[in-house]
Amino acid sequence: MGLTSSKRVETSLSNSTEFDSACNSAYSHCLSLTQHAFPGVLPYQLVTASDHIHQTLLSHRSHPLILKWVPRPPSRTLVDSALKKVTLHWHLPEDGDLDVIGPARFKKWAVVLYADAVVDNVGKALMSRIPIGVAGIAGIGAMTRSGKDLIGAAIGVYAVGVATSIYLSLSG
């Protein structure tokens, strides 16, 4: 799926009031769990925050990308990877202490996390749908004794069609 798909999903999530509301709710939830003892969310709380965002979005059935492509909360590996990406790529003055995650970095982390989860699941869908369709086309071609060129063209059109339809669904 690639950089363009990821940016498309990130833009959709960043511009979503529902996603923003879920992030704010998760951030507040994490602060309340520590009884506001810290000026932000601690890294060990990010799995809980991710679960909270996911639950909020699914219970309100509010974001189509999450509903369609992220049926379960992102894994701990994705949570940690998103934090690493945000920490490495965005230097935010609010976060003097990298162990405490302020609201801006938290929102960027959530966007990166869920964009990565969507793109990861889309990639898995492509890897399962295309071979099944290709096998079906090849089987039909063999039964009808169609030429290799015709079968190859049909497979190419099918693969491009599946990839395009999934890509277009990423704008949420």
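If you model the range 1-68 as an ellipsoid using its alpha carbon gyration tensor, with each semi-axis the square root of five times an eigenvalue, the axes come out at 25, 14, 10 Å, biggest first.
The spacing between the range 49-66 and the range 3-47, judged by their C-alpha centroids, is 11 Å. Protection proxy ranking for 50-61, 70-81, using the average of other Cβ atoms within 10 Å per residue and placing the highest first: 50-61, 70-81. Across D99, D116, the residue with the most accessible area heads the list, and the full order at a 1.4 Å probe is D99, D116.
The values are calculated or read from the model by the stated rules, or taken from the named source; none is laboratory data. Since the model is a prediction, treat every value here as computed from it, not as a measurement. FYI the Cβ positions are ideal-geometry reconstructions off the backbone, even for glycines, and counts take in every protein chain you see. The accessibility values were calculated without ligands, DNA or RNA, using every heavy atom of the protein model including side chains. Shrake-Rupley method; radii C 1.70, N 1.55, O 1.52, S 1.80 Å.
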